[in-house]
Amino acid sequence: MVFNSLIFVFCFLPVSVFLYWIVPGSFVKNVVLFVLSLLFYAWNEPFYLILLLLNIAWNYLSALELGQEEDEKKRKIVFWITIAVNLLLLGAFKYTNFLLGIFGIAAFDVSLPVGLSFFTFSAISYIADVYKGTSPAQKNPLDLGLYIAFFGKITSGPIAFYHDMENQLAYRPLSKELFFSGVCLFAKGLIKKVLLADQFALVFSALSANTSMLGAWIYAISYMLEIYFDFSGYSDMAIGIGRMFGFTMKPNFDHPYSAISVQDFWRRWHISLSSWFRDYVYIPLGGNRHDYVRNILIVWFLTGLWHGANWTFILWGLYYGGILLLEKFVLKPYLQTLPKIICHLYTLVLVLIGWVFFFSPGILEAFSTLGRMINVVHPMDSQVLFVLFGNLPLFILGVLFSGTLYDRVFHLFMDRSPKRASAIYTFLYVLFFVVCIAFMVGSTYQSFLYFAF
Amino acid sequence: MKKPMIRFNKRLTQILALIVSVFCVLNLVIPDSDKSAVENRSLQKFPSLSASSLKDGEFFSELNSWYSDQFLGRDQFMQLKYAVNKLTGTKQINDVFLGKGVLIEDVSEVNTEQKERNIAAINTFCTSSGVPSYFLLAPNAVSIQKDKLPAFATVKDQNQQIDDYYAKLDPSIQKVDVRKTLEKHKEEYLYYKTDHHWTSLAAFYSFQDLASMMGLGEVSKDNYNIYPVTTSFEGTLAGKVGSVLLKDQIDIYVPKDNDEYIMSDLTNATTSRSIYSSKALETRDQYTVFLGGNSGRITLEMNNNSDRHLLLIKDSYANTMIQFLIPYFRTIDIIDPRYYYEDVSNLLETQLITDVLFLYNSNTLMQDTSMADCLSVEAE
């Protein structure tokens, strides 16, 4: 089940909220939430529910062992075995076919368990926190189960760290204020996903075969906007759902397209993932104290690989590793003195090129798209104009909402004349929410010319 | 958090929660519908739970479809989506262009492999039948009324698809190419604004061409009483995009010197004294006023002195054409290969066929997957 489906918004979520708020006591609330999370997970792929439960059990028992064992050597062994099993599971499902492909062996027909990359990283965060002593081992399997499997974050994150969530697991005070902000954040995320991301996806696919220069730019830009609204919208929904059940999670995106350097971009894009790599890979490797270049390249190779089993993702990761090194050793003084608008454009163009590697099925295709982007011989054709003029309001809204302008205007207006601002924004949110429903219905619409039985 | 922000969140939550709860409760309370007239299909019912449907995930995926199919106000939401699309300048929804006051279906892809099979079967059928054969391949609105497409719309070349088809048909088959005729009248009401079919008027102009090729003589509008039977037709394209406000008029052309006839729908086992179905006007798909819709085999027997017997192999574009053919033939056997599973060549003898006519619209024909099998049952 996805958050932007009718059955989730109008049935699963309200019923879950109702049950959760009505049952007495933190323990029963947690039981309800855990059972609902398992149901949510089974909805996607009932069979993999077993995998999820085994994952929880394995990490629960291993952490208990880590907590009890005092001999450092043995702890180290237990720690590495636990991590290895987690990674093996991830690797088996996600990378087996990729590796086989390198050696020219035919692929297995397995589907990737939903959210595996996310909950594996959550589990590793837990094990590492217990190993480092940041957090004690969780005695209550239900609480750990909730940390790993909570339906708000299991499919697409955010990869909340265990030490951030630890205090919220056993007991969370019911807060109406938090609940209200959660509902509003969910609505915002849903609007981003349905009215912006999904519409940019249509533009993206419409232009996939376009051969003109402008076409290639619009093609890449529509993906750039699609993935931002898709992922940040989904994160907003996840964090919003968390709040409805009393969880507080850190923001996952902070206007990444307003960044003024690539380093700045990565402080704002998928924050939970880059923090995870910083805390659990980069710093343990030595950070900037020794082998800096090696550490950066390892982290970005892995970041790329995490996004998918394809050379394009690895190249995309190393591309960012390379740029970050370049910024650190060469570009830093220029980025500090050049006008902001130049730094902003520099960042956007590099990020755009990055997305071309990211969305292309292969490296050759990526270079061919990049080639078209500088092909001045064939500047445009009527298809691009058709797509562009048919989607002008979408592009305008997309550009406005991906920057900081919307938030600034919103808060300014709220400060200046709170009553009027509140009325206007309430109206707009409700309006957009209703339009969202219309588009969600529309996406399930299948009309036939001849009666289909 | 600041006070005004808290108040804003609270108020917005109350409204959203109200909307969600109303839909949540009503969706569960209101009984399910069997089918959707607008979408022209059966809707998903509440799935039955079994060990196997649970294990392979089918239960949950059917549950998702059930919920969205039975969602309260589904058609109205679709219309709201259309209105928003229209307001924000959208020019195309899936394969339908939102033109200037009309909806126009895009040119379909050619199913090349199947097309070659169909053509081979048609050629064999016609050359071995021993009677004159005619082929009328009707162009669609997208190629005749290009001017009504939105600005910068790029479409595949339907003329080339039609040329190629005609070129591959056996020379003995007479090609009734009506494109020039329709082109001449392209400013007229040739295609429905909300439906993928042509109008009776377009069929009439095409019939003039067909009549001269088949040797049926001169035909003029004066030969017919023209009755508008509805002005509120919302067709299949309207159903696809959820359009609002666009409506069509359907005219029927009844020959003035009309003979009595009997229409027997052999697939649905019904008979009637008229090819027009007034009941159809009360349903959503009012185009089914012609013949009551598509059926595997329909036979018309006329009370006239003609010695010609027509075998018509067709898609739904022909339904509008039949009113013009009636006076000229003693019998007409109408076969829709999509719903007919018997040996068509048998009919040549049993029905004493003297003429064979194929009538298709290009978009359907380029995608057709049933003609070859229908025409060559005999070979098996």
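Per-residue mean of foreign Cβ neighbours for A:12-20 is 2 (Cβ atoms of other chains, 10 Å radius). Cross-link pairs exceeding 29 Å in C-alpha to C-alpha distance, out of A:K29/A:K139; A:K153/A:K192; A:K328/B:K2, comprise A:K328/B:K2. Within a straight-line Cα-Cα reach of under 20 Å, B:K45 can be paired with the following lysines, leaving aside sequence neighbours fewer than 8 residues apart in one chain: B:K35, B:K55. Annotation: amide H of B:I93 within the under-5 Å range of B:L98, sequence separation 5 or more or interchain, hydrogens built in the peptide plane.
Coupling constants for segment B:83-94 follow from the phi torsions by the Karplus curve (6.51 cos²θ - 1.76 cosθ + 1.60, θ = phi - 60°), and in residue order they are 4, 5, 4, 5, 5, 8, x, 5, 10, 8, 10, 6 Hz; glycine and proline get x. The phi torsions of segment B:247-263, fed into the Karplus equation with coefficients 6.51, -1.76 and 1.60 and a -60° offset, translate into couplings of 9, 10, 10, 10, 9, 10, 10, 9, x, 5, 8, 7, 8, 5, 8, 10, 9 Hz, rounded to whole numbers, with Gly and Pro shown as x.
Across segment B:170-178, coupling constants 3J(HN,Hα) worked out from phi with the 6.51/-1.76/1.60 Karplus curve, θ = phi - 60°, read 4, x, 6, 7, 7, 8, 9, 8, 9 Hz, and Gly and Pro carry x. Taking Cβ atoms as reference points and 14 Å as the exclusive limit, the residues near B:K81 contribute a net charge of 0, counting Lys and Arg as +1 and Asp and Glu as -1. Peptide B:92-104 has a mean shielding of 1, counted as Cβ atoms of other protein chains within 10 Å of each residue's Cβ.
I'd like to verify something in chain A: which complete DSSP H helices, judged by Cα projection on the helix axis, reach 20 Å or more and average at least 0.5 on the Kyte-Doolittle scale? Membrane-span-like by this rule: A:26-44, A:49-68, A:72-94, A:116-132, A:176-191, A:213-244, A:292-307, A:311-326, A:340-359, A:418-443.
Our estimate of slack between A:L345 and A:S208, defined as 0.36 nm per intervening residue step minus the Cα-Cα distance, is 46.9 nm. For A:P46, neighbours were defined as the other residues whose beta-carbon sits under 9 Å from its Cβ, and their charges (Lys and Arg +1, Asp and Glu -1) total -1.
Mean partner shielding of peptide B:17-27, defined as the number of other chain Cβ atoms within 10 Å of each residue Cβ, is 4. Show which lysines lie in cross-link reach of A:K73 when reach means a straight Cα distance below 19 angstrom and same-chain residues fewer than eight apart are skipped. Of all the lysines, those that pass the test against A:K73 - Cα under 19 Å, at least 8 places apart if same chain - are A:K132.
Between the helical axis of B:200-214 and the dominant principal axis of chain B, each derived from Cα atoms, what acute angle in degrees is found, rounded to the nearest 10? That works out to roughly 20 degrees. In chain B, the longest principal axis of the Cα atoms and the axis of helix B:58-69 are about 90 degrees apart.
Scanning residues 5 or more positions from B:A138 or on other chains, those with amide H under 5 Å from its amide H are B:Y360, B:N361, B:S362, with H placed 1.01 Å from N in the peptide plane.
Each peptide among B:96-107, A:109-120, B:145-156, A:409-420 gets the average number of other Cβ atoms lying within 10 Å of its residues, and from highest to lowest they stand as B:96-107, A:109-120, B:145-156, A:409-420.
For B:L300, neighbours were defined as the other residues whose beta-carbon sits under 12 Å from its Cβ, and their charges (Lys and Arg +1, Asp and Glu -1) total -2. Per-residue extension of 0.36 nm, minus the Cα-Cα distance of A:V434 and A:L285, leaves a gain of 48.7 nm for this segment. Farthest toward the positive end of the dipole of the protein assembly as shown, out of B:V38, A:G182, A:L225, is the Cα of A:G182, where the dipole comes from beta carbon charges about the Cα centre.
Read-outs throughout are calculated quantities, based only on the coordinates presented, and are distinct from any laboratory measurement. Everything numeric here is computed off the predicted structure, so don't read it as measured data. All Cβ positions, glycine included, derive from the backbone under ideal geometry; neighbour counts span all protein chains shown.
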